[in-house]
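Okay, structure first, notes after.
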Ligand SMILES: [Fe+2]
């Protein structure tokens with residue numbers, strides 16, 4: 001079920017924060033988050049004009065393969081190893097309206113759970129044909145799509161044996177650089193989601209489920225790729241959980 005239909009559209013001009021929907025400021029089971037947890041009461045600052053009017057992204061900044069992680073790092077004629085998928089959906093506001101012109105950036109581990117990053121320490125092999133990042137811009141309906149391979153789960157140093165479920169990181173830029181939100185997408189049916197200490201910082205199961213992309217066999221490409229649908233809700237009482245907006249929305 002999509003985010004639009006799961007929750008009725010918000011009405012009115014002001015949306016009360018719902019602190020039971022978003023993670024608490026301090027979540028000790030996610031150990032590296034503790035030192036960056038706020039210790040003092042929050043202050044609300046207005047955006048400056050330059051923050052909210054900054055650059056508007058256009059399709060001119062995109063390269064031809066920016067939305068194709070299967071090929072955008074691969075040698076000519078080759079492709080990344082892994083389960084070929086399409087990720088698609090819409091960026092929505094609090095009323096369920098599409099948000100056009102939003103720059104989406106996404107990054108992920110390869111099919112074995114390994115990032116192409118100099119600080120990466122996991123023993124899984126690098127894929128010489130997979131870089132792990134891409135970008136696209138939402139169309140006039142707020143829709144987006146990209147091709148990639150399904151990332152693998154990977155272990156991380158938190159508890160004795162903690163693993164991240166398969167996930168794709170998303171950054172959403174609005175119309176200025178101050179309007180940046182970051183979240184993660186998970187995959188329907190993955191039992192590792194509910195084991196993850198980062199996911200478990202989200203108190204409401206329904207909020208987690210909004211981060212879980214649904215397998216959509218209607219949007220597949222036969223003999224090529226399966227499809228996962230992931231909508232991102234920017235605002236409202238039932239917004240997506242963003243990890244750089246811990247205080248809610
Ligand atoms: Fe990750």
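Structure notes:
- Lone unmet requirement of (1) modelled with pLDDT of 95 or more; (2) under 23 Å from residue 84 (Cβ atoms); (3) touching a strand residue (DSSP E or B) at 6+ places or on another chain (Cβ under 7 Å) for residue 191: (3)
- Residue within segment 207-220 that is assigned to a helix (DSSP H, G or I), out of contact with any helix residue (DSSP H, G or I) (no Cβ under 7 Å at 6 or more places or on another chain) and under 23 Å from residue 37 (Cβ atoms) present: yes
- Residue 237 in a strand (DSSP E or B) and away from the ligand (no atom under 16 Å from the Cβ): no
- The residues listed here are 104, 92, 126, 69; of these, the one that is over 15 Å from residue 230 (Cα atoms) and touching a residue at least 40 places away in the same chain (Cβ under 8 Å) is 69.
- Of the residues making up segment 202-214, those that are more than 16 Å from the chain's Cα centre (by Cα) and surrounded by 15 or more Cβ atoms within 10 Å (Cβ to Cβ) number 2.
- Among residues of segment 107-118 that are in contact (Cβ under 8 Å) with a residue 60 or more places away in the chain, those with a beta-carbon under 8 Å from a residue that is more than 11 Å from the ligand (Cβ to nearest atom) and part of a loop (DSSP other than H, G, I, E, B) at least six positions away or on a different chain give the pairs 108/69.
- Annotation: of all residues in segment 3-23 being surrounded by fewer than 17 Cβ atoms within 10 Å (Cβ to Cβ) and within 19 Å of the chain's Cα centre (by Cα), the one that is modelled with the lowest pLDDT is 4.
- Restricting segment 159-181 to residues that are away from the ligand (no atom under 16 Å from the Cβ) and assigned to a strand (DSSP E or B), the residue that is nearest to residue 68 (Cα to Cα): 172
- Once segment 99-121 is narrowed to residues that are at pLDDT 95 or above and in a strand (DSSP E or B), the residue that is farthest from residue 154 (Cα to Cα) is 104.
- Note on segment 122-137: among residues that are assigned to a loop (DSSP other than H, G, I, E, B) and within 14 Å of the ligand (Cβ to nearest atom), the one that is modelled with the lowest pLDDT is 122.
- Within segment 143-158, being within 27 Å of residue 103 (Cβ to Cβ) and more than 13 Å from the ligand (Cβ to nearest atom) holds for 143, 144, 145, 146, 147, 148, 149, 150.
The values are calculated or read from the model by the stated rules, or taken from the named source; none is laboratory data. These numbers come from a predicted model, not from an experiment. Ideal geometry is used to build each Cβ from the backbone, glycine not excepted, and the neighbour counts take in all protein chains shown.
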